[in-house]
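Here's the structure, in structure tokens; my notes come after.
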Amino acid sequence: MGSMEKTRVLFVCLGNICRSPIAEGIFRKLVQEQGLAERFEADSAGIGPWHVGEPMDPRAAAVLKRHGAYFDHVARQIAPEDFETFDLILAADREVERDLLRRAGRHREKVRLITEPWGGGEVSDPWEGDEAACEETYLELLDLVQRWLERLSGGPEGDS
Ligand code: 4NP
């Protein structure tokens, strides 16, 4: 297993302060819990520049802390090298997916809507909401990230 290439997953939303850091925190926690740290690596990015250099939204931080999934995060914008570095680039919504596809060049096949295998809905954007909206987003992302990890690690996968 030591020589096995890691699978690198990048979560992307608009600002990289709410949805994609929440998804990254969940992914990191699950990978740790399941002993998969040798096999997977995760990061997150935003399509916009507005929050570059900032920590995650305080509501997102509170939700991740409550669930033991907090990690140190500095917001960044997607960069051209990301399409080389990462194996799978998961978009939080269709606007993000469209933007990523425009940037992806020959790596379009790496870009997926995070909900696409399970109906193609959109993860709710908590940006305008309160901490309860962030909790709702966390629960949606927990389900989706668990499913992706099962799929990627070859484990069982829920069928609903
Ligand atoms: P995120 O939330 O994409 O989940 O990080 C947003 C953060 C910032 C903005 C929009 C959504 N914004 O317009 O600045």
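Summary of computed values
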{"quantity": "Fewest-first ranking of 127, 50, 148, using other Cβ atoms within 10 Å as the exposure measure", "calculated": "50, 127, 148"}
{"quantity": "GluC sites (Glu not before Pro) restricted to segment 37-84 and DSSP loop, no more than 10 other C-beta within 10 Å", "calculated": "81"}
{"quantity": "Computed [θ] at 222 nm, deg cm²/dmol, the chain (DSSP H ≥ 4; -39,500 (n - 2.57); rounded to nearest 500)", "calculated": "-12000 deg cm²/dmol"}
{"quantity": "Nitroxide proxy distance, nm - points 7 Å out along Cα→Cβ at residue 143 and residue 8", "calculated": "3.1 nm"}
{"quantity": "Kirkwood-based shape ratio for segment 7-152, expressed as Rg/Rh from alpha carbons", "calculated": "0.93"}
{"quantity": "P(r) histogram, all alpha-carbon pairs of segment 82-160 included - 5 Å bins from 0, percent", "calculated": "3, 15, 21, 22, 20, 13, 6, 1"}
{"quantity": "Size of electric dipole in the chain: Cβ of Lys, Arg +1 and of Asp, Glu -1, about Cα centre, debye, nearest 20", "calculated": "420 debye"}
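Where a number appears in this text, it was derived from the coordinates with a stated rule and is not lab data. All values reported here derive from a predicted model rather than from experimental measurement. So basically every Cβ, Gly included, is an ideal-geometry build from the backbone, and we count neighbours across all protein chains shown.
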